[in-house]
Amino acid sequence: MAAFYRIPEHVGMDFLTFTLVGLFTGTLGGWAAFAFGTKTGKMIASSASLSAMALETDSALKGFMGYGHEPGDLVLTLSGAYVVGFFATLGLLTQLLLKQDSSYRITLIDVVFGNNKALDAYHDAKRRELDSLLDRELNIDALSREREALDRRQLELDVQARLLAAEREEAEALLQARDALVKGHVAMPLPLQHKHLIKPEFFELLPRQVLKVCRFHHALLQETERAVRQAPERDFAAYLMAVAGHLKEHLFDQCTQGSLEEVRVHFRRLEAADMTYKPYVVHGHTEMEVAAVHVDDGLIKASRQSRRSLVYSANKRLAIVGGANFVWQDYLVYAFDAIRHGDLPMYSLGICIRHRAAHSSLLYLISFLQLEQVIQHEMLRVHRAGKESTQR
């Protein structure tokens, strides 16, 4: 019987391995011919593909291939598989290229040989087609016109917003002017959040009131200069008593101390031991003594916090209700914050009037003009002069 020739198993495995490697390398080479657009890029890609095949062949033959057949057969298998993979990839990509729906068609020769002009024209054609498609699908022109209309509308809205802002500022100014009125008449704003109606009589008496304030200021300056020159022989209490007298005389026309006076002016002084303001100087004899007031009670506290003079009739909710309210119909309180003991003012001023109809408007004017600040400035000069003279 004729002997049956059987190919060894390891020989078949060698051919299969070389075939797979060749197909893989050829596929990469065919893809590189398409993927790299310039001629230089294609040459580099092709050279790299052929070098990879040669390296694979050499490594395969020397390193891991078995024996029992000629190396030329394996090389032929590898080369054949490379050629098949290369041209099969070219064919597949060519078929995809032929199915292009662009108005400008690119050929296989243009791709393989890197015809840059043809490739650029193809890309431009695809870009124009894409723009045309977007224009048809999205209606770009209409969107552009709408965008321009929206921009114009936005500009109009910006102008209207600026006009509205200007009108709002004018309205706020008018509201502020209206708030300064009470029942349609001019009002005098007083602390805290009180507006006192100014009647026509106020303007008739205004020149007289201003003259009173000027006379008092002149007398206060003279009294201060006298006290500074006489320091420390003349004590601070005597100076405050003189100031109280000038307030009564020049502002309220109370020239003498009688048994029943319409105005009383007093200064309280802080007693740190029990945290109260106790009578220090009282100008005016009445049937009711000046009471001590705790630092956190009544208008003393409110004046400390606001640093303003406060009138009782304008701030009744903050005041202490007591027997004095039946004797004095109205009064002004101020805690001087320039001369202090620790965190608290050392002295406070009180001006009490017996008849609101006669003198309340003058209390409002004193508070509105902040005349207490003028008094405090002069008090501070005398207080400092006394301390400096004592130290010398």
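The values are calculated or read from the model by the stated rules, or taken from the named source; none is laboratory data. The structure presented is a predicted model; accordingly, all values stated were derived computationally and were not measured. Heads up, the Cβs are rebuilt from the backbone with ideal geometry, glycines too, and the neighbour counts pull from every protein chain shown.
What to note about this one:
- Scan of region 327-348 for residues that are modelled with pLDDT of 90 or more and among the β-branched types (Val, Ile, Thr), ordered by number: 333, 339
- Filter pass, residue 242 being modelled with pLDDT of 85 or more and either surrounded by 13 or more Cβ atoms within 10 Å (Cβ to Cβ) or within 30 Å of residue 358 (Cα to Cα) (or both): yes
- Residue that is at pLDDT 70 or above and surrounded by fewer than 16 Cβ atoms within 10 Å (Cβ to Cβ), where the choices are 219, 165, 173: 165
- So residue 178, is it surrounded by fewer than 10 Cβ atoms within 10 Å (Cβ to Cβ), in a helix (DSSP H, G or I) and modelled with pLDDT under 65: yes
- Being within 30 Å of residue 229 (Cα to Cα), surrounded by fewer than 18 Cβ atoms within 10 Å (Cβ to Cβ) and either touching a strand residue (DSSP E or B) at 6+ places or on another chain (Cβ under 8 Å) or not hydroxyl-bearing (Ser, Thr, Tyr) (or both) is a property that does not hold for residue 378.
- Checking each residue in region 298-323 for being outside any helix (DSSP H, G or I) and either modelled with pLDDT of 90 or more or buried (at least 19 other Cβ atoms within 10 Å of the Cβ) (or both) picks out 307, 308, 309, 310, 311, 315, 319.
- The set of residues in region 292-333 being among the hydroxyl-bearing types (Ser, Thr, Tyr) and out of contact with any Pro (no Cβ under 6 Å at 6 or more places or on another chain) consists of 303, 309, 312, 313, 331.
- Single condition residue 373 does not satisfy, out of (1) without any contact (Cβ under 8 Å) to a residue 24 or more places away in the chain; (2) under 39 Å from the mean Cα position of the chain (by Cα); (3) over 18 Å from residue 245 (Cα atoms): (3)
- Residue in region 354-374 that is closer than 28 Å to residue 273 by Cα and among the β-branched types (Val, Ile, Thr) present: no
- A Cβ distance below 7 Å, combined with a sequence gap of six or more or placement on separate chains, defines the contacts here; from region 336-362, residues that are within 19 Å of residue 288 (Cα to Cα) and in the same structural domain as residue 279 (by TED's automatic domain parsing) reach no residue that is part of a strand (DSSP E or B) and among the polar types (S, T, N, Q).
Matching residues to (1) in contact with a His (Cβ under 6 Å, 6 or more places away or on another chain); (2) modelled with pLDDT of 80 or more; (3) of a type outside the set (Asp, Glu):
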position	(1), (2), (3)
145	no, yes, yes
151	no, yes, no
160	no, yes, yes
182	no, no, yes
195	no, no, yes
200	no, no, yes
207	no, yes, yes
215	yes, yes, yes
